[in-house]
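Below is one structure; the comments refer to it alone.
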Amino acid sequence: MLKFMRKYARSYLIKVIFAVIIIVFVFYFGAGSLREKETRIAQVGSFDILYPEYYEAYNKELEMFRQLYRDKFDEKMAAELKDKVLQDMLNKYVLLVEAKKLGINVTDQEFADLIGSIEVFRKDGKFDKDRYASVLRQNKMDPGQFERMERTMLLIRKVVSIVRDTGAPVTDADIWAGYVQEKGKVDLFYSRFSPAAFKDKITVTDKELNDAYDKEKDRFRGENTYRLKYIVVDAKSGLKDDQVYMDLLKAKDIDTYGRQKGIKVNDTGRMSQSELFKAYKNIKVETWIKDLHKGDISLPVRDDGRSLIFQLVEREDGKPMEKSVALQSIKNRLVAEKAKEKARLAAEDAVRSRSVDKKEHTGFISRGASSIPKIGEIPRDNAGVLGLTKDKPVYDKPVDINGDYYVFGFAGEQDPDRQEWQKDKERFAQYYTARHKEQVLTSFIEDSKRAMLKQGKIKILKNPKEI
């Protein structure tokens, strides 16, 4: 079995660090709905990922991300989150498939020890059957379902533990190399390929302009204007927002309803779309205003312990933009797109020929830095640019930073201070070993998943973004 585990851990150094922290989603998502025969989202070996399980996991993550990002959480992030949740669930079931393949199981004694260790089931320091049954009954959980779920979670933890602890061993040389990557410094040559340098060489034909205009002319309008009225439902009002919403759907007159209930009716006045979006950015008005017609009542929009319910009073669509103005806007965009493409292709040619201008230097910067002085923030997918060495002298792809493409090459390096290394060695060794175990786990899961996809043992039956 050790040989099998090591097979999947050989290339751990080139994997993305912490792509999957399996322990988090094992405890967070639980064992899921392994019994219900409902709408299938995906298949992993003999396991089905069912809609109720996916929906529950997605909603948990959605709530967490909304609290974390607040008004920065948008529709794009929500769509990306749907795919992330599915990938995490695929990872979980890949581990269950591998457990079966490796003959790993949960013994009755292991399960009894687990249940007996859960404090809520204990009385006078010992597991109590009556307490166990009472707690499950209070939480409306079927004992059989609960036990299957806990056994599955324990099985996943066993697989995780085995994979993490039986990967390729960490040597002193590995730890030093890791320390150099975190604490060392690197100096890079770079060539910059700016789209601005190519704009004068770009031509856009009349046909291209008119074809683009015919496809996009509906976009070229002035801003819509809106006028809305709304009431605020909070603890002081003594009302429930869902009931207020249902009442307003029937009444269809927010002013009359407000007078009857003694609730103030607020009026936004006429506002341009941009003004409206800015004024009400906390409640993401842009995500629901487009679906309202004159007289419509919005669903309750919750914000900081209160709910706002709107009625659309007036809406005036923006007037079409003059064609000449629209054509100029399209031309500017096409020129910018073509210039950027030319800059990218030129940068890719430089990478292939390994020709980097050695006049421009970054100067020595930390290998763990997130940005390069006077250039900008390094995209997450290109963090490896700071890992260049004399053995890998040119980064393997152009890096897009603030709209310009850069080709980086290795110019020199500085090792960490040896005295600092002696002070940090023990602490860093513990950190590096723990990180290495997570890399081994990530590598094992990703390699297993790729193999199963190739064999047709993983099937995505529904696109998460369409759910």
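The values are calculated or read from the model by the stated rules, or taken from the named source; none is laboratory data. Computed from a prediction, not measured in an experiment: that's the story for all the values here. Ideal geometry is used to build each Cβ from the backbone, glycine not excepted, and the neighbour counts take in all protein chains shown.
The table below lists the values:
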item: Tally, over the range 295-316, of residues that are touching a His at 6+ places or on another chain (Cβ under 8 Å) and free of Cβ contacts under 8 Å to residues at least 24 places away in the same chain; result: 0
item: Some residue of the range 333-341 being free of Cβ contacts under 8 Å to residues at least 12 places away in the same chain and of a type in the set (A, V, I, L, M); result: no
item: Hits in the range 84-106 (condition: touching a Leu at 6+ places or on another chain (Cβ under 6 Å) and in a helix (DSSP H, G or I)); result: 99
item: Top-ranked residue in the range 179-209 [being over 30 Å from residue 356 (Cβ atoms) and either of a type in the set (Phe, Trp, Tyr) or touching a residue at least 24 places away in the same chain (Cβ under 8 Å) (or both); ranked as surrounded by the fewest Cβ atoms within 10 Å (Cβ to Cβ)]; result: 208
item: Residues located in the range 159-176, provided they are more than 30 Å from residue 93 (Cβ to Cβ) and surrounded by 15 or more Cβ atoms within 10 Å (Cβ to Cβ); result: 174, 175, 176
item: In the range 54-90, the residues that are more than 19 Å from residue 445 (Cβ to Cβ), in contact (Cβ under 8 Å) with a residue 12 or more places away in the chain and among the acidic types (Asp, Glu); result: 56, 71, 74, 75
item: Matching entry among 404, 400 (being under 26 Å from residue 188 (Cα atoms), more than 23 Å from the chain's Cα centre (by Cα) and not hydrophobic (A, V, I, L, M, F, W, C)); result: 404
item: Answer from 213, 230, 226, 245 - the residue that is touching a residue at least 24 places away in the same chain (Cβ under 8 Å), in a strand (DSSP E or B), outside the structural domain of residue 346 (by TED's automatic domain parsing) and out of contact with any Asp or Glu (no Cβ under 8 Å at 6 or more places or on another chain); result: 230
item: Counted residues, the range 415-451 - those being of a type in the set (Gly, Ala, Ser) and within 14 Å of residue 178 (Cα to Cα); result: 2
item: Flag if residue 379 is touching a Lys or Arg at 6+ places or on another chain (Cβ under 6 Å) and either farther than 18 Å from residue 359 by Cα or in the same structural domain as residue 165 (by TED's automatic domain parsing) (or both); result: no
item: Qualifying residue in the range 184-196 (condition: in a loop (DSSP other than H, G, I, E, B), under 30 Å from the mean Cα position of the chain (by Cα) and of a type in the set (S, T, N, Q)); result: yes
item: Which numbered condition residue 288 misses (of (1) exposed (fewer than 15 other Cβ atoms within 10 Å of the Cβ); (2) over 15 Å from residue 226 (Cβ atoms); (3) within 33 Å of the chain's Cα centre (by Cα)); result: (2)
item: Among the candidates 238, 222, residue that is of a type outside the set (Phe, Trp, Tyr), exposed (fewer than 14 other Cβ atoms within 10 Å of the Cβ) and either modelled with pLDDT of 90 or more or at positive phi (or both); result: 238
item: Residues of the range 365-387 satisfying the condition of being part of a loop (DSSP other than H, G, I, E, B) and loosely packed, with under 15 Cβ neighbours inside 10 Å; result: 368, 370, 373, 374, 379
item: Strands (runs of 3 or more DSSP E) within the range 388-467 that include 2 or more residues of a type outside the set (Asp, Glu) and either modelled with pLDDT under 90 or assigned by TED's automatic domain parsing to the domain that holds residue 351 (or both); result: 399-401, 404-414
item: Residue 346 of a type in the set (A, V, I, L, M) and either at pLDDT below 90 or closer than 20 Å to residue 227 by Cα (or both); result: no
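The rows are residues; the columns are (1) farther than 28 Å from residue 457 by Cα; (2) touching a Ser or Thr at 6+ places or on another chain (Cβ under 8 Å); (3) among the charged types (D, E, K, R); (4) without any contact (Cβ under 8 Å) to a residue 60 or more places away in the chain.
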site	(1), (2), (3), (4)
110	yes, no, yes, yes
129	yes, no, yes, yes
132	yes, no, no, yes
147	no, no, yes, yes
